[in-house]
Structure formats: structure tokens, C-alpha cells
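Here's the structure, in C-alpha cells; my notes come after.
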Amino acid sequence: MKKLNLIHTISLKALEAKARKAAATAATSKKETIKSKKAKTKKIPMIEREIRSIFHTLRINATENQMVILDQSNKGSLSKAIISIYNQDDLNRYRVEDAAYRELVAQAGNRGNNRKPRKPLPVVMYVFYSHTLDDQKIGSVAIYGPDASMQRNIILKNGSLFGHRVISADLEMGRRLFVDVKLAA
């Protein structure tokens with residue numbers, strides 16, 4: 001049987017140096033991997049993050065008979081997004097009537113007697129617009145809903161809307177009366 005010679009030819013300091021070098025190389029490699037992953041993920045613009053945050057807050061604070069819906073604006077529109085709050089009963093009624101209408105059209109075709117069901121109107125609708133100088137910030141919000149003058153007074157009394165300082169809140173007339181709220185930059 002042969003005897004094993006267990007004499008170490010590498011000093012302890014040299015071994016420690018090699019271990020430190022290997023650890024540094026691994027850390028650098030890990031940092032590069034994280035940077036490449038971050039570069040591949042799509043960064044969400046600040047205005048979209050803010051609107052999503054407002055949407056989640058409204059959804060959490062909604063009553064059980066309310067449904068909060070976030071819609072992206074049409075491509076030609078100046079608005080960034082629309083948050084609508086519907087009465088749940090109206091949405092359920094519309095879904096049932098719409099399903100019945102589609103079934104009638106599929107069976108008999110549209111012969112004039114089949115009227116499309118009326119879409120429910122939102123109880124409150126918030127339309128968000130970007131700031132004129134910085135399109136990554138919310139600049140104004142149009143609020144459609146019942147008793148616009150009361151909403152205007154509440155907003156002016158609080159001095160803020162969704163955590164933003166309010167510069168002005170004016171009643172304006174479009175298709176219907178709404179509150180036009182200008183926010184500080």
C-alpha cells in the first residue's frame with residue numbers, strides 16, 4: 001500500500017486570495033445578470049403607475065355594490081386613462097340584456113325589432129390628462145358625476161385630489177356638466 005503525502009504546497013494566504021478572487025468574479029457576474037434582466041423588462045411610465053395606484057385605491061374603497069373599471073383612452077384622444085365607477089346592479093342588468101340580444105340576433109338576425117340594450121352610465125367617471133409641460137405627470141382630471149357643484153366644493157375645501165395639490169376646480173359644460181380639476185406639477 002502506498003502512503004499518501006499530505007503536504008500542502010499552497011500557503012493559506014494564497015488560498016484565501018484565490019477564494020476572494022473567485023467571490024469577486026461571482027459577484028460581478030451576478031450584477032451583470034441583474035442589469036441585463038432589468039434592461040429586458042419594460043419600464044412603466046410614471047403617469048401610468050400613478051393612475052394605476054389611484055385605480056387600486058378607488059377599487060379598495062368602493063362599496064360592495066360598486067364596480068371600478070380602468071380603461072385606456074382611444075389613440076386619438078388627449079386623455080391618458082379613464083376610471084369609471086358603475087353600479088353593480090346596472091352592469092348585471094346590462095350583461096343579461098346584452099346576452100339575450102346577442103342570442104336573438106344569432107337566431108333570427110337583426111330585423112329591426114331587436115333593440116340593443118342601453119349601456120349603463122357610470123356613477124362617477126374620472127378622465128385623466130397629462131401636464132402640459134411634463135407628460136409624465138397628471139395635469140388635470142375631469143370628473144363626471146351627479147351634483148358636480150358639490151364635488152367641486154369638496155375638492156376646493158380639501159385642497160387636494162388623489163394626493164395632488166389642487167390649483168383650481170371649475171365647473172364646465174361638455175356633453176354634460178363636469179368638474180375640471182387642475183393639479184400642481
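The values are calculated or read from the model by the stated rules, or taken from the named source; none is laboratory data. All values reported here derive from a predicted model rather than from experimental measurement. Because the Cβ atoms are built from the backbone with ideal geometry, glycine has one as well, and the counts that use them run over all protein chains shown.
Pick out the one residue from S73, S53, S79, S36 that is modelled with pLDDT under 85, more than 16 Å from M125 (Cβ to Cβ) and of a type in the set (G, A, S).
Numbers: S73 fails: more than 16 Å from M125 (Cβ to Cβ); S53 fails: modelled with pLDDT under 85; S79 fails: more than 16 Å from M125 (Cβ to Cβ).
Answer to the selection: S36.
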Pairs please, first residue from the range 114-134 and within 14 Å of I54 (Cβ to Cβ), second anywhere and assigned to a loop (DSSP other than H, G, I, E, B) and modelled with pLDDT under 85, Cβ atoms under 7 Å, 6+ apart in sequence or on different chains. Y129/L78
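Every residue, every condition in (1) hydroxyl-bearing (S, T, Y); (2) without any contact (Cβ under 8 Å) to a residue 24 or more places away in the chain; (3) in contact with a Lys or Arg (Cβ under 9 Å, 6 or more places away or on another chain); (4) within 30 Å of Y101 (Cβ to Cβ), yes or no:
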{"site": "A142", "(1), (2), (3), (4)": "no, no, no, no"}
{"site": "P146", "(1), (2), (3), (4)": "no, yes, no, yes"}
{"site": "Q151", "(1), (2), (3), (4)": "no, no, no, no"}
{"site": "G159", "(1), (2), (3), (4)": "no, yes, yes, no"}
{"site": "D170", "(1), (2), (3), (4)": "no, yes, yes, no"}
{"site": "L177", "(1), (2), (3), (4)": "no, no, no, no"}
{"site": "V181", "(1), (2), (3), (4)": "no, no, yes, no"}
{"site": "A185", "(1), (2), (3), (4)": "no, no, yes, no"}
